[in-house]
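The values are calculated or read from the model by the stated rules, or taken from the named source; none is laboratory data. Worth saying up front: this structure is predicted, and the values here are computed from it rather than measured. Backbone-built Cβ (ideal geometry, glycine too); neighbour counts: all protein chains shown. Keep in mind that these areas ignore ligands, DNA and RNA; they rest on the heavy atoms of the full protein, side chains included. Shrake-Rupley method; radii C 1.70, N 1.55, O 1.52, S 1.80 Å.
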Amino acid sequence: MDWTHLASAILLGMLIVATWLASIAQANERTQKSQEDAAFIERLIGQMTLEEKADQLTQLSVLTIPTGPIEDANDPKKIGTSKAGSLLGAYGAENTRRLQHEAVQGSRLHIPQLFSFDVIHGFRTIFPVPLAEASAWDPYLSQRTARAAAVEATASGLHWTFAPMVDIARDSRWGRVIEGAGEDPFLGAALAASRVRGFRGEGPPDTSSILSTAKHFVAYGAAEGGLDYNISDLSERTLEEVYLTPFRAAVEAGVDTIMPGFNEVDSMPMHANRKLLKQKLRDEWDFQGVVVSDWAGIRELIPHGVASVPREAARLALNATVDIDMVSGDYNAELPALVRSGQLSQDAIDGAVRRVLQAKQRLGLFDDPYRYSDPTREKTQLLQPPTRALAREAAQKSIVLLKNDDALLPLSKNLRKLVVVGALANDGVSSLGSWSADGRASESITVLEGIKRAVSPMTEVVYVPAASPGSTDISGIEEVQRAVVDADVIVAALGETADMSGEARSRTSLGLPGAQDALVAQLIKTGKPVVVVLMNGRPLAIPTVDEHVPAILEAWFLGTEMGHAVADVLFGDVNPSGKLPITFPRTVGQVPIYLARKNTGRPPSGTNAYASSYIDSKWTALYPFGHGLSYTTFTYGTPRLSKQRLAFDETLTVQVDVQNSGQRAGEETVQLYLRQDVASITRPVRMLRGFSKVRLAPGESTTVSFLLDQDDWALLNHDLLRFVESGIFTVFIGGTSATDNQAKFEVITSAQLTGPGSAIPRTLRD
Ligand code: BGC
């Protein structure tokens, strides 16, 4: 070795040692900081009276308490805000600064407030409703929109959002289908993790990091009869395999808080469900964060029939480790007496207080209570052009082309006359969808506006509202006939107004409400080419539209940029790529209907009358899970497997060639489904276990690879133990769950697996 080499080796060695020492110093600093932080919280808890502790565990809503400048100490406004550790619905940099001042100055120990709100799909710039955005099957997109929502919300003083809602929903009568990612736990887990990561961003101390909440724990979406707030009666297996999965993914991704549902599971209301909140969530999954009740969920233990008075409700909830009481006021009123009388332990209340104070500490609020309330920042962060551009991109990607006979779409921008029909086409409020935070209709682009902006100057656009979802008045329909006489195309916006889905918006039918069926009949009678743009917050049962209308776009509620995005797709500037995250039935009588059903002993067949089918309707979906067309076509090769036979702990690579066999560039979501043909228990006919998006130019091909392993073939056996059971598996790959493109392989060994495995899909794990 010459001297130069030796010198560089020594230098390199010194560098390695220096880096190592620096990392040790950093680790020591971190440990010291966390010890100091912990000591600070313990000191604070030590100084707090029981009443002050109860205040910290109380959340009040500015919707129900008066706010404004405090005039004197007896002012009810003062009582309102200083008796709470967090406030719901207070935002605005100035407003939160003022409220924070009240909290810090108005309380003996100067503890800052947390400002919380439902920032569900955007704050001021509104993104597609979650069910729509799930149609993009694009976890990274969902992460980006959650990030953008966090940037806006935190600039407006908010610390905490009650999102993501990760409830699986398989019954579209339930109005809250709109708030989640649809019917499937695998897709749901992917989007849950992405949205949690998006809300968090770089994490504290960055002031654009917002606390997230996975809700509503758990099986709230399994409400009997699709009736909101109703009981969920389901097996432990279904709970584990379906409803808990996205929550587990959210916890793995670092969600800060969890909100219990209004429902009961196994005769125990979730707000008192110690088995699921304490044993499952905290002990088994090691969730360290805050559990916040849903709106008055603690007081509702009385009508549920497990408590007779507020004191008992408060005791049950705190014992189940519900840390914060949202708005019922029962913690505030009852906890001190419960501890004094020995009905609740000091440890139980201290544990809850500690978790709340730790959340405040993580955000840096003890160092600077006003760090999120910066009016200058607020002025520069809301509704910015890049955020609007992201909203338009997300909206474009959320649109699903359900049907396109004879390539009616895309339309030419040079049509002579285009008639736009339907009240929804000009409804800016509905474009935003439910839970639109600080979104404003005046800042949203309606479908009508989007169309007008997109067409060439030679196109005459005529608008006839004709019929509205909210009224049975058919008097406007006649006008359609007159308006369309010389029209080239009709674009009809049909569906639901925004207030027909969401909380407490269950429906018993899934058809087009109001006078819209009559409008559809009239549209068909005109004999003109009709394009239906659906605006809705749940799957609709629209067999007549499907039968008679050549082109149907599922546009959901797409937010601020709705009209632009719909026009981008209608006129072909964007090739639609969305896929349904939830099954569309033919009739409401089919619900619950979902892909991962069981085969039954009498699977539907054309020959056996005594099979599992209906006598008055086809048993199949109108549009299956994963369905979505494009202006181009994609052709799939047969799946190729790296092995035909493998041991339980080996990995399998599945590859498929996909070609854009049409004339336009396009994006395809390649979907992989799996079935174990025979096992010790019955298995779903198909389970989603992978998806991948590819963008291909006309004629271009690519090979898509999926890696599968024991997490994919694992099952819970009859004793709910996690096993891989040897046997034959079928893998299906295509652009829809209805694909027949398949291959088989065999897992030749069995084994019991330890631990639950990760709920986050492999490609998204850290
Ligand atoms: C809803 C929650 C929401 C809360 C606060 C409740 O009615 O169920 O999802 O976070 O209100 O607005």
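Given the pairs LYS403/LYS528; LYS33/LYS275; LYS215/LYS379, which are separated by over 27 angstrom at their Cα positions?
Flagged as over cut-off: LYS33/LYS275; LYS215/LYS379.
How charged is the neighbourhood of SER661? Take every other residue with its Cβ under 12 Å from the Cβ of SER661, and add Lys/Arg as +1 and Asp/Glu as -1.
Around SER661, the surrounding residues sum to -2.
Show ASP719, ASP330, ASP473, ASP711 ordered by accessible area, largest first, where the area counts protein heavy atoms only and the probe is 1.4 Å.
Per-residue accessible area, sorted high to low, gives ASP719, ASP473, ASP711, ASP330.
Using a Förster radius of 22 Å, what is the FRET efficiency between TYR614 and ASP740 based on their Cβ-Cβ separation? Nearest 0.05, please.
E between TYR614 and ASP740, to the nearest 0.05, is 0.40.
Provide the percentage of antiparallel DSSP beta bridges, counting only those with both residues in the chain; round to the nearest 5.
Details: 48 of 89 bridges.
Taking every DSSP beta bridge within the chain, about 55 percent pair in antiparallel fashion.
With the cut-off at 1.5 for a/c, could you classify the stretch 223-355 from its C-alpha gyration tensor as rounded, prolate or oblate?
Values: a/c = 2.02, a/b = 1.28, b/c = 1.58.
The shape class here is oblate.
Assign unit charges at the C-beta atoms only (+1 for Lys and Arg, -1 for Asp and Glu), then state the dipole size of the chain relative to its Cα centre in Debye, rounded to the nearest 20.
Its charge dipole is roughly 620 debye.
Would you be so kind as to identify which of GLN361, GLY572, ALA146 lies farthest towards the positive end of the dipole of the chain, taking Lys and Arg as +1 and Asp and Glu as -1 on Cβ and the Cα centre as origin?
GLY572
If you put +1 on each Lys and Arg Cβ and -1 on each Asp and Glu Cβ, how big is the dipole of the stretch 634-764 around its Cα centre, in Debye rounded to 20?
200
Sorted by mean Cβ packing within 10 Å, highest first, what order do the peptides 629-635, 528-534 take?
Top to bottom by mean Cβ count within 10 Å: 528-534, 629-635.
Determine how many Å³ per residue the convex hull of the Cα atoms of the stretch 398-590 encloses.
Residue-normalised Cα hull volume stands at 114 Å³.
Taking +1 at the Cβ of each Lys and Arg and -1 at the Cβ of each Asp and Glu, which of VAL447, TRP137, ILE733 sits farthest along the dipole of the chain towards its positive end, judged by Cα position relative to the Cα centre?
The Cα lying farthest towards the positive end belongs to ILE733.
Relative contact order of the stretch 17-380: what whole-number percent is it, with Cα pairs under 8 angstrom and at least 6 residues apart?
Relative contact order of the stretch 17-380: 19 percent.
Might you tell me the accessible area per residue for the stretch 17-380, computed with a 1.4 Å probe and given in Å²?
34
Take each of the peptides 669-679, 191-201, average the number of other beta-carbon atoms within 10 Å over its residues, and list them starting from the highest.
Ranked by mean Cβ neighbours within 10 Å, highest first: 191-201, 669-679.
So for each of 584-595, 240-251 I average, over its residues, the number of other beta carbons within 10 Å; can you give me the resulting order with the highest mean first?
Highest-to-lowest ranking by the protection proxy: 240-251, 584-595.
Using +1 at the C-beta of Lys and Arg and -1 at the C-beta of Asp and Glu, which of TYR610, SER208, VAL461 has the Cα lying farthest in the positive direction of the dipole of the chain?
Selected residue: TYR610.
Using a/c under 1.5 as the rounded threshold, could you call the stretch 472-563 rounded, prolate or oblate? The axes a ≥ b ≥ c are square roots of the C-alpha gyration tensor eigenvalues, and prolate needs a/b larger than b/c, oblate otherwise.
Since a/c reaches 1.5 and a/b is larger than b/c, the shape of the stretch 472-563 is classed as prolate.
At 7 Å along the Cα-to-beta-carbon direction for both ASP405 and THR749, put a label point, then send me their distance in nm to one decimal.
5.6
Quick one, could you list the DSSP H helices from the chain stretching 18 Å or more along their long axis (Cα atoms) with average Kyte-Doolittle hydropathy of -1.0 or above?
Qualifying helices, which must be both long enough and hydrophobic enough, are 3-47, 139-155, 185-200, 346-362, 385-398.
Would you work out what percent of the accessible area of the chain, with all protein chains in place, is carbon or sulfur (probe 1.4 Å)? Can you show the working numbers first?
Values: 15430 of 29630 Å².
Carbon and sulfur together cover 52 percent of it.
Based on the alpha-carbon gyration tensor of the stretch 511-665 and its eigenvalue square roots a ≥ b ≥ c, which shape applies: rounded if a/c is under 1.5, prolate if not and a/b is larger than b/c, or oblate?
Because a/c hits 1.5 or more and a/b fails to exceed b/c, the stretch 511-665 counts as oblate.
Along the Cα→Cβ direction, 7 angstrom out, place labels at LEU227 and GLN655. What is the inter-label distance in nm?
Going from the LEU227 label point to the GLN655 one covers 5.5 nm.
Report the antiparallel proportion of the DSSP beta bridges in the stretch 398-590 as a percent, rounded to a multiple of 5. Before the final figure, lay out each step's value.
Numbers: 4 of 23 bridges.
Counting only bridges with both partners in the stretch 398-590, antiparallel ones make up about 15 percent.
Between LEU15 and ALA38, take the C-beta separation as r, use R0 = 30 Å, and let me know the FRET efficiency to the nearest 0.05.
After rounding to 0.05, the efficiency reads 0.30.
Let me have the 222 nm mean residue ellipticity of the chain computed from DSSP H runs of 4+ only, each contributing -39500 (n - 2.57), with the sum over all residues rounded to the nearest 500.
-9000 deg cm²/dmol
Counting Lys and Arg as +1 and Asp and Glu as -1, each charge on the Cβ, what is the dipole of the stretch 481-595 about the Cα centre in debye, to the nearest 20? Mind dumping the intermediate values first?
Values: 8 positive and 12 negative charges, 74 e Å.
My answer is approximately 360 debye.
Keeping all protein chains in place, calculate the accessible area per residue for the stretch 398-590 (probe 1.4 angstrom), answer in Å².
Per-residue value: 32 Å².
Would you kindly calculate the translational diffusion coefficient of the stretch 17-380, applying Stokes-Einstein with the Kirkwood radius from alpha carbon pairs, for 37 °C and a viscosity of 0.692 mPa s, and quote it in µm² s⁻¹ without decimals? Walk me through the intermediate numbers first.
Values: Rh = 20.8 Å.
Value of D from the Cα-based Kirkwood radius: 158 µm²/s.
Using a 1.4 Å probe, what is the accessible area per residue for the stretch 634-764, in Å²?
With the other protein chains kept in place, the stretch 634-764 gives 43 Å² per residue.
Could you give the distance between the Cα centres of the stretch 425-496 and the stretch 620-647, to the whole Å?
After rounding, the separation between the Cα centres reads 36 Å.
Rounded to the nearest 0.05, what FRET efficiency do ASP766 and THR4 have when you use their Cβ-Cβ distance and R0 = 35 Å?
With R0 = 35 Å, the Cβ-Cβ based efficiency is 0.30.
Would you report the distance distribution of C-alpha pairs in the chain as whole percents per 10 angstrom bin, up to the bin with the largest distance?
Percent of pairs per bin, in order: 3, 13, 22, 24, 19, 12, 5, 1, 0, 0.
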